[in-house]
1. About its Cα centre, how strong a charge dipole does chain B have in debye, to the nearest 20, once Lys and Arg get +1 and Asp and Glu get -1 at the Cβ?
2. If we count other beta carbons within 10 Å of each Cβ, what is the order of A:Glu222, A:Glu361, fewest first?
3. Relative to the Cα centre, what is the charge dipole magnitude of the range A:13-154, using +1 at the beta carbon of each Lys and Arg, -1 at the beta carbon of each Asp and Glu, and rounding to the nearest 20 debye?
4. Chymotrypsin sites (Phe, Trp or Tyr not before Pro) within the range A:98-133: which are DSSP loop residues with at most 10 other Cβ atoms inside 10 Å?
5. Within the range B:217-261, report the trypsin sites (Lys or Arg not before Pro) that DSSP leaves as loop and that have at most 16 other Cβ atoms within 10 Å.
6. Need one word for the range A:250-379: rounded, prolate or oblate. Basis is the Cα gyration tensor (sqrt eigenvalues a ≥ b ≥ c); a/c below 1.5 gives rounded, then a/b vs b/c decides.
7. Using the structure shown, list the pairs from B:Lys189/B:Lys262; B:Lys210/B:Lys286; A:Lys281/A:Lys307; A:Lys289/A:Lys371; B:Lys36/B:Lys158; A:Lys229/A:Lys310 with a Cα-Cα distance above 30 Å, or answer none.
8. Per q in 0.09, 0.16 1/Å, what log10 I(q)/I(0) does a Debye calculation on the alpha-carbon atoms of the range B:3-289 return?
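Read-outs: derived from the displayed coordinates by stated rules, not from any lab. Here the structure is a predicted model, which is why all the values come from computation and not from measurement. For neighbour counting, all protein chains shown are included, and Cβ atoms are generated from backbone atoms with ideal geometry for every residue, glycine included.
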Amino acid sequence: MKKFISGNHAVAEAVRLCRTQIVAAYPITPQTAIYEKLSDWEAVDELGGIMMRMESEHSAMAACLSASLAGARTFTATSSQGLALMHEMLHFASGCRAPVVMACVNRTLAAPWAFWSDQTDSLSQRDTGWIQIYCEDGQESLDSVIQAFRIAEQVLLPCMVVLEGNFISHFMEPIEVPEKSLVDRFLPPVNIPKRFDINNPGFAVPVVNQMQYRGYRRLSQEAMAFSLKVIEDVDRSFAKIFGRGYGVVDAVGTQDADLVLVTSATITSTARVALARLRQKGYKVGLVKIRVFRPFPTQALRLILDKVPKIAVIDRNISLGREGIFCSELKASLTHSALRHQIQGYLAGIGGTDVDPELIERIALDAVNRKQALDGPIWMTEEE
Amino acid sequence: MTESSRPIEVMRPGHLACPGCGIAIGMRMVFQALGKRVVVVVVPSCVAVISGPYPNAAFDVPMFHSAFEIAAPTAAGISNALKVQGVDDIPVLAFAGDGGTFDIGLQSLSGAADRNDDLIYVCMDNEAYMNTGIQVSSATPRYAWTGTSPRGNTRRKKQIMEIMAAHRIPYAATACIGFADDLIEKVKKAKEIRGTRFFHLLSPCPTGWKMEEHLGPKVAVAAVETNIFPLYEIVDGLHYTINHESRSLPVETYLMMQGRYKHLGQEEVQAIQTETDRAWADLHFKTTRHAK
């Protein structure tokens, strides 16, 4: 059924549809509406699980990961400072292979204080061993949460579904909320290892030696690599049932392109508009959206970009002292291309500033006319 | 004692505690009271070290070594997960040290107590960060030597039982390894209650308290008999019961057994005595405040 709802509401719908057993959460703007919506449903016995109202995000993740190790399907949501506070537990969740699903609603990190969309919060968790999926709109956010449970429970890695604060979390859109029976068909009842069996007791997460630690790291890395195929398979079977699919990357007009814009999340939607205009004006420009950031879809990107001479990466995030994080990742993944690409990074929308089609057109034209890429990023602002 | 009346032994040989460790003795007693049908959380502290490095496990129960500051929410997560799976008869127990309870874990413990999450929380208090090698914590008594209070701790020991009582949790009790029957009886009692149950378990540490290895239980007895560490329980945060009327021996009896107090002069000993007398009178007063 189509409902006119916000992205946060859509995420909550997905959590309920997935028969989530434990929700442990703590309020933070702009995520709070997810927590509130799930609480509303719990109050009228429509959630179907237990809501734990935690005293911090750190404890929320602690409860989620331990409940997950006990065999329960678990969910939490957070943003910004809350995600940063969770950092220790993010490593812990992936290290003990707990398939927790989390919605991260992107928000600027303090200081200074602000409440707008900026991806640096979730991208700062790059190395925590979480699968990360970046969503373009409310529908994709809802669908990705449903997919995330199946992916996480299959590979036993936690999965973060990332949606942008305000642009997705608070924008109302017509969103298809699937029938529960369809979701049940797609997502089987939770069946993950129960680590605390009194008839077969074991000591979970003991202290290990150096070689054992390395061994576990290798296993996690293998699971991450394997998960890329699982993400693709899950997306395909999702498309079969629901008629919508997203891929690990999405390419538009890249076949004949001299320049490809690389985007993630909501800037992609805007770039689709800019792309149509640029094509009308005769520019051979294409667009690639990176949806899955961890594991990084190197092969999928190389298939599209190996023969493209010019690439412009647009980042709503920054690794200070370097550049946009998607840009760095993309450069690294194209190291083995036969072609020497001209890859230029552009910072657009930092701090939640507006990125309109005109700004993206300006980026494209800059890239088309640029003879030599700079080592650092180019800051794009609204007024020129 | 016949074989059938022997308490259930959950602890295996080969644990990693220092010789004479009060925590190892205390954990063993707690398990003798609870039996094997229990899921256990340990967090970084001597408790986790004792539980053994991979692939060894000192305890014959399902156990999870979680992170330092989250013993309570970890146990709460497991407890709720078992409930949604329809398992309602397996208690979840969390062991944490004094640092993990009084200091870094206090916020998350307060959260669990506030929600009255269904768990038994046992603070194994050896009165300093002993796992990292004897550093002062907010459970360290005044004047005690530690590696980070080389001239004696200047702060008063944080009153964790008062903090827990203020949460109005259904059950909170002090216990120590010098009074095994009292400890075991209270753990059994707590097992039958639902909600957050808290134990403050004094666990003498020969290594950190600078005393001979065989003195742990004796020092624990002295702590109780001098009123340094009274044995009592609090029901619903209101109803106090003193479990052992002590002999009110001079505190010097307790202090002189331990090297961590050897630098004390008469003035400090008198200050400890005065404070101990005040706290003991106060505890008696609390037993009369609310009708049971």
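1. Numbers: 29 positive and 30 negative charges, 36 e Å.
Computed charge dipole of chain B: roughly 180 debye.
2. A:Glu222, A:Glu361
3. On the way: 9 positive and 17 negative charges, 77 e Å.
Approximately 360 debye in magnitude.
4. On the way: sites: A:Trp113, A:Phe115, A:Trp116, A:Trp130; in loops: A:Trp113, A:Phe115, A:Trp116, A:Trp130.
Taking the range A:98-133 and a limit of 10 other Cβ atoms within 10 Å, the loop chymotrypsin sites (Phe, Trp or Tyr not before Pro) found are A:Trp113.
5. B:Arg247
6. Values: a/c = 1.28, a/b = 1.04, b/c = 1.24.
Because its axes are fairly even, with a/c under 1.5, the range A:250-379 counts as rounded.
7. Numbers: B:Lys189/B:Lys262 38 Å; B:Lys210/B:Lys286 34 Å; A:Lys281/A:Lys307 23 Å; A:Lys289/A:Lys371 24 Å; B:Lys36/B:Lys158 33 Å; A:Lys229/A:Lys310 28 Å.
Checking Cα-Cα distances, B:Lys189/B:Lys262; B:Lys210/B:Lys286; B:Lys36/B:Lys158 exceed 30 Å.
8. The computed values of log10 I(q)/I(0) come out as -0.39, -1.31.
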